[in-house]
Structure formats: structure tokens, C-alpha cells
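Have a look at the structure below, then the notes.
Computed from the coordinates by the stated procedures, all read-outs in this text should not be read as laboratory data. Treat the numbers as computed from the prediction; the structure is a model and nothing was measured. Reconstructed Cβ throughout: ideal geometry from the backbone, glycine too, with neighbour counts over all protein chains shown.
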Amino acid sequence: MARKVYTDYFFDEPAYNVHDGGYVPLKKAAAAPSQLRIPPLLKPDKETRSDTYYTVTAQAGETQFLPGEKTKTWGFGLPFLGKTIIFEKGKSVHINLQNKLSELTTFHWHGLNVSGPIVDGGCHAPVYPAETNKIAFKVDQPAATLWLHAHPCPSTAEQVWKGLAAMVIVKDKAESKLPFPRKYGVDDIPLILQDRKFHAHNQLDYNADYDPDGVQGPTAVINGTVNPYFDVTTQRVRFRILNGANRREWRLHFSDDLQFTQIGSDGGILPEPVAFTHLMLTCAERAEIIVDFGKYHPGDEVTLYTDDVPLVTFKIHEFEPAEVKLPEHLAEIPNPEVTPDTPIHRVVMSGMDEEVMLDGKKFDMQRIDAKQKIGSVELWDIVNTNQKEGGMVHPYHMHGIQFLVVSRNGHAPYPNEHGFKDTVGVNPRETVRLKVWYDKPGVFMYHCHIIEHEDGGMMAQIEAYDPKHPQTYKLMDMETLMNAFAKERGVKVEELQLGGMSSYKKMGMKM
Ligand SMILES: [Cu+2]
């Protein structure tokens, strides 16, 4: 039976970012086309059959984005973004988190099923300049495309803007048996979608561009490349697409309305492949897609667009024909049962600009907002109270786990939401029901992933607890972090300019 091909973006059009008052349209940059950068793989320091040892270094550098002066940037082992890190399911991983920056940062493993709050790497786990922290964990989840990014409150957005983000790939045996392209850099390609504004001398200026609803720039930057092209040398190419932008949504489609097949969502391979011509990704979401260039010939060009702006040109070269039929069924997704007694959590995302809140409150690092027992399967209703007209899609993210999307306003989730996810876009006036379970203890954040909303307090935290092994957590506090930032920047605390602060101030709320 021919597979249904979906041709729409599903999300509510009136809530698209293009309708924001502060929307920054993308413009074609004045730069010659250049080859798409492929972040190199991070080499382990040491590897045994059971253990892998890595060092991940946050560092400053310079990047040639545009003709002329280089841009001062930050990255993980690279001047901008980071080396791609591979984790193998079942292995024990040991990582040195090294900070060579001039200010504190954190190493948050977005989508990784690990304990919190230290291994997870949110705001409770700062690594100060010239220091190295060590974490260790067992890779305990199916093959997926995840990412690493900085997460120090309230400066996550600025640090990500400067470049602290990298792709993380989990591999496992089940995925390795599927007929997917998997030669990294050849037919298995990361696509980290971001946008930036370049000021005088080609420099970034986060504070100048600050917008409490999310910072945007007019220049698309893909894997750190402006105006990229990619040489296609195989008929089928797998793209691991990450929306690594602070605020921008991407509405992706190819020239000729070329069909593609989504095979993976945030947390792993989908139960079934889904065919699309159009795909929208909200912040922090990932999609693995396979594109079949079989109908093209050497010399042809295929373009990937967002809305009507070209993002990447694919130059078709000679390739071996590869007619591969994907199986109807790709992966087994566990779906634990719920009963009428299953607890239901309710999370309300409200407001826009500085007024954003979660459950009518702003984030407090010292406050635990929810609890859930390890192993207990519970329902979470995520509500977006924005107006249908003039409101926005808030991408809701939970740390430390992958969840299942049960329904949207009581209806079936979108066709590509039947696998594991850790981030889900919630439309205005919508309630998205999730099925959530934790299997590792810790304090974990949950928040809107428009990063300026997160810094602005649209965030809360849950303790996942094991009643047999109660734990007490020493939680970080804002004063300690602010004092550290002030000292590192050589200014008084009152003079600090950190993105999210203005949102607390405007609402007369303490950070
Ligand atoms: Cu939001």
C-alpha cells in the first residue's frame, strides 16, 4: 500500500513566528556559497569494550562566517558549535567537562536519559573557568539524535548564541540493522539550523539583539556555515536535523516539493516511517529524515528552504543507484498502561515577552515544583494559554527523559509524534497530554525551549525520587551564579547584563 504523504506543517498558522511583532525575516547573506561544514567526530581519550572516556572542552575561538573579519565565537572543542559526540547504548561513558572560557558554563545533555541535576548538566551544575568536572553514566536509551548545549541560568540563550551547542548521536544494535544511510559526513549528515545577526566587523552582539520573546538574526547559519552547499554522492542521504535556534521555527521543504521520509524524532527511531513534503520544527526539536535523490542527475541542484528562503543547496553528483524500501515497521516503542487512577500533572505555559511564566510563577532554582516516583507512569497535561491570534507556539521540554505524546486537545498527535520525544510544540489554547516516566533519580528542569523564555523564567523543576533511597540535593542559587558571573566579567552584580534578568525585573520578581 502506498504510504500517505503529508503536505502540511500541522501547527497553527496564526501562531507562526512570522506573525510576531519582533519577527526578523531571513535574508540571503552577501557571502559566496561555501561547502557545508560537517562537525568532526569527537575522538575518545580512551576506549575499552565496556567504557568510553571523553573530554569535552568549552572554549573561545574565531569563525569565518562572512567575507572579511572573523567572528568571535564559542564552541565545544571547536571555535563554533562542537564536535559530534557518539554514545553507544550499553556502554559506560566518562566525560571530563573542561571549561576554558572566561566565564562559568554548564554542559546540558538534551535528551539524554541520565540522573539529575549534576550529570544532566542544567543550572545546578556550573563548571567555573579553568576547572574540569567529571561525570559518568551508562548509555541507557535507544539510538537517537540528541544534543549538548550550555544551560547556565539566566544566560543559557547568550551562551548558545555564541556557539555552545553540539550534536550527540546515540547508536544501538536495533538501529544498526535498519536499512538507513549511516556513513557520517557522506550520507549521514547533521544539519544544525540556527540564525544569527552579524554586526560591525562581523561580530555577534547578543545584548543589542535582545528580545525577551527570543533572539533572532537575519542570516541562516547551518552547521556554522553561511550559504552552504552539500555535494550529494549517494542516492539516499539521511539528515539529522536539529533546530538549534534560540527562537526561530523552521518550516522545511525542498525544491520540486521533493518527498522525504522521517525516520526519527527527538528520542529515537519512529515506529513507522512517515512521508512528508513539509516539516516544521520548533526550538530544540530534532527530526531524522531520509531524502531520495534518485530522480536527479549529475549537475542538478536541489534546494532546502524554510518558508521561501533557501537554506542549503544540494549539488547532485554521480551516484550508484540504491533502491531501498524501508520496512513498514521500524522500531518498538514501549507504551506503558495508564489507569483511571494515574496521576495527572498540569503545567500551564502563559504569557509572552517578559511576562512568560510556568504555572503562574517564574523559575526559582531553590524550589521543587513537582515530584514523581521513579518508575511511576504519569500523565502530564501541558497547556498553552496564549490567544489563538497573536499567541505563539511554546516548545515544551523536559530534562532527563523521553516522553510519549498522547494527544493534542484530545485528538491524535501529529503523524511524526508517535515515537519518543523530549520537546513538543504546544499551540495556543492547546493542551498536549504526555505520558512521562522517570527511571533515574534527580532534580530535573522542564521549560519552554524558546531559550529567552527559559532564561526569563518560563521554567520549573521536578524531583524524580526513589522512596527506598531518599536523597537531599544541594541546589544552586541565583545569587551564587550572579556573583560568579559578575566577578568573571569584572563588573558589580548590579551592572550585570544577562538576558533573562529583565523578565524578572519587569515583573517585579526576584530571580
Ligand atoms: Cu515559550
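Assorted remarks:
- Projected onto their three principal axes, the Cα atoms of the range 361-403 cover extents of 39, 25, 14 Å, largest first.
- Radius of gyration (Cα atoms) of the range 344-471, expressed as a multiple of 2.2 N^0.38 Å: 1.02.
- Proximal lysines to residue 371, defined as alpha-carbon separation beneath 20 angstrom and excluding residues fewer than eight positions away on the same chain: 361, 362, 435, 440, 468, 474
- Each principal axis of the Cα cloud of the range 398-508 was evaluated for its coordinate range; sorted largest first, these ranges are 52, 40, 23 Å.
- Selected from 233, 218, 244, residue furthest toward positive end of dipole (the range 183-256; charges at beta carbon): 233
- Two-decimal Rg/Rh across the chain, once Rg and the Kirkwood Rh are taken from alpha-carbon atoms: 0.94
- Both numbers refer to the Cα atoms of the range 23-172; Rg and Dmax are 16.1, 50 Å.
- The lysines within cross-link reach of residue 134, meaning a Cα-to-Cα straight distance under 16 Å and a gap of 8 or more places when in the same chain, are 46, 100.
- Candidate lysines - alpha carbon under 29 Å from residue 295, same-chain residues fewer than 8 apart omitted: 4, 28, 177, 183, 315, 325
- Dividing the mean sequence gap of close Cα pairs (under 8 Å, 6+ apart) by how many residues the chain holds gives a relative contact order of 16 percent.
- The Cα center of the range 340-354 and the Cα center of the range 200-248 differ in position by 31 Å.
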